[in-house]
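Asks: I'd like to ask some things about the structure below.
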Amino acid sequence: MLISLDSIGKKFNQNWIFNNLSGQYESGKSVAVVGPNGSGKSTLIQVIAGLMPASKGTISYSNENGTVPDDEIYRRLILVTPTLELIEEFTLSEFLKFHFSMREPDPDQSLETLLKEAKIARQKNRYLKHFSSGMKQRLKLILAFATSAEMLLLDEPTSNLDEQGIDWYQEKINKLAKKKLLFIASNQRYEHDFCDIELNLLDFK
């Protein structure tokens, strides 16, 4: 996967959140998106994911087969953000079945192993509405790790995780960084200290 950002910018009302941001990023590279609170980290992640349009500039996605069509982009990436809502009326088993009815599993990742490592394997018949905030965050990360996607967009990925959960995240993300394209929006060094590239949004004001 190769993503090309060509002079993109995003503004709300008359205020530019970021502007004239350009770059090319490919699989096997990890990008730390940093900047103070309110600098636009989460906004950039959502623009790259296609959840909101850029106010200017263009974003293109390509792989070994050429340009990825717009209607295929969502299959090539997966997003984890604190604002991502889970379907809480589902049990864990129902939710996993629903998710993987639409997305391909990563053949290099064992879902059962991830569930065990994240300490939620025994919760399969429990409704998500009864999960703690930390359990929900672990589930979001499991979906990112276990889904066949060439690009992972992670916004504050260890939100609500305890020390054990952070250690688990660090172990998994370091392995995935070798083969996928990662964008990690965070000011917590331990979430992105392995990244190859630092993208400071203060440079694009």
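Asks: Do we find that SER42 is among the polar types (S, T, N, Q), in contact with an Asp or Glu (Cβ under 6 Å, 6 or more places away or on another chain) and surrounded by 14 or more Cβ atoms within 10 Å (Cβ to Cβ) in this structure? Walk me through it before giving the result.
Replies: On the way: among the polar types (S, T, N, Q): yes; in contact with an Asp or Glu (Cβ under 6 Å, 6 or more places away or on another chain): yes; surrounded by 14 or more Cβ atoms within 10 Å (Cβ to Cβ): yes.
Taking the combined requirement at face value, the residue satisfies it.
Asks: Pairs, please: C-beta under 9 Å, at least 6 apart or cross-chain, first residue closer than 11 Å to SER4 by Cα and in the range 47-63, second of a type in the set (Phe, Trp, Tyr) and in a strand (DSSP E or B)?
Replies: ILE48/PHE183
Asks: From the set of residues in the range 110-134 that are aliphatic (A, V, I, L, M) and over 20 Å from the mean Cα position of the chain (by Cα), which is nearest to ASP167 (Cα to Cα)? Don't jump to the end; show me each part of the working.
Replies: Going residue by residue through the range 110-134, those that are aliphatic (A, V, I, L, M) are 111, 114-115, 118, 120-121, 128.
Next, from what is left, pick out any that are over 20 Å from the mean Cα position of the chain (by Cα): 120-121, 128.
On the way: ILE120: 16, ALA121: 18, LEU128: 23 Å.
So, considering only residues that are aliphatic (A, V, I, L, M) and over 20 Å from the mean Cα position of the chain (by Cα), the one nearest to ASP167 (Cα to Cα) is ILE120.
Asks: Which residue out of LEU139, LEU152 is aliphatic (A, V, I, L, M) and either farther than 19 Å from VAL31 by Cβ or loosely packed, with under 14 Cβ neighbours inside 10 Å (or both)?
Replies: Details: LEU152 fails: either farther than 19 Å from VAL31 by Cβ or loosely packed, with under 14 Cβ neighbours inside 10 Å (or both).
Going through LEU139, LEU152 in turn, just one is aliphatic (A, V, I, L, M) and either farther than 19 Å from VAL31 by Cβ or loosely packed, with under 14 Cβ neighbours inside 10 Å (or both): LEU139.
Asks: Take the residues of the range 155-205 that are closer than 22 Å to PHE18 by Cα and among the β-branched types (Val, Ile, Thr): which is surrounded by the most Cβ atoms within 10 Å (Cβ to Cβ)?
Replies: In this case the residue turns out to be ILE184.
Asks: A follow-up question, please. Going through PHE183, PHE131 one at a time, which residue ends up being of a type in the set (Phe, Trp, Tyr), closer than 23 Å to THR91 by Cα and modelled with pLDDT of 95 or more?
Replies: Working: PHE183 fails: closer than 23 Å to THR91 by Cα.
Result of the check over PHE183, PHE131: PHE131.
Asks: Looking at LEU111, is it of a type outside the set (Val, Ile, Thr), surrounded by 20 or more Cβ atoms within 10 Å (Cβ to Cβ) and more than 30 Å from THR43 (Cβ to Cβ)?
Replies: It is false that LEU111 is of a type outside the set (Val, Ile, Thr), surrounded by 20 or more Cβ atoms within 10 Å (Cβ to Cβ) and more than 30 Å from THR43 (Cβ to Cβ).
Asks: Check whether at least one residue in the range 170-177 is closer than 14 Å to ILE78 by Cα, in a strand (DSSP E or B) and not basic (Lys, Arg), and report yes or no.
Replies: no
Asks: Sticking with this one: Restricting to the range 1-26, and then to whatever is closer than 20 Å to LEU152 by Cα, out of contact with any Asp or Glu (no Cβ under 6 Å at 6 or more places or on another chain) and among the hydroxyl-bearing types (Ser, Thr, Tyr), can you tell me which residue is surrounded by the fewest Cβ atoms within 10 Å (Cβ to Cβ)?
Replies: This residue is SER4.
Asks: Of a type in the set (A, V, I, L, M), more than 27 Å from ILE3 (Cα to Cα), surrounded by 12 or more Cβ atoms within 10 Å (Cβ to Cβ) and in contact with an Asp or Glu (Cβ under 9 Å, 6 or more places away or on another chain): does that describe ALA121? Spell out how you get there, then give the answer.
Replies: Working: of a type in the set (A, V, I, L, M): yes; more than 27 Å from ILE3 (Cα to Cα): yes; surrounded by 12 or more Cβ atoms within 10 Å (Cβ to Cβ): yes; in contact with an Asp or Glu (Cβ under 9 Å, 6 or more places away or on another chain): yes.
Here the answer is yes, as ALA121 does meet what is asked.
Asks: Still on this structure: Only one of (1) out of contact with any strand residue (DSSP E or B) (no Cβ under 7 Å at 6 or more places or on another chain); (2) surrounded by 16 or more Cβ atoms within 10 Å (Cβ to Cβ); (3) modelled with pLDDT under 95 is not met by LEU84, so which one is it?
Replies: Only one criterion is unmet by LEU84, namely (2).
Asks: Would you confirm whether or not the range 101-119 contains a residue that is touching a residue at least 24 places away in the same chain (Cβ under 8 Å), charged (D, E, K, R) and in contact with a Pro (Cβ under 8 Å, 6 or more places away or on another chain)?
Replies: Scanning the range 101-119 turns up no residue that is touching a residue at least 24 places away in the same chain (Cβ under 8 Å), charged (D, E, K, R) and in contact with a Pro (Cβ under 8 Å, 6 or more places away or on another chain).
The values are calculated or read from the model by the stated rules, or taken from the named source; none is laboratory data. Every value quoted in this text rests on a predicted model; they were computed, and no experiment measured them. Note that each Cβ is placed from the backbone with ideal geometry, even for glycine, and that neighbours are counted across all protein chains shown.
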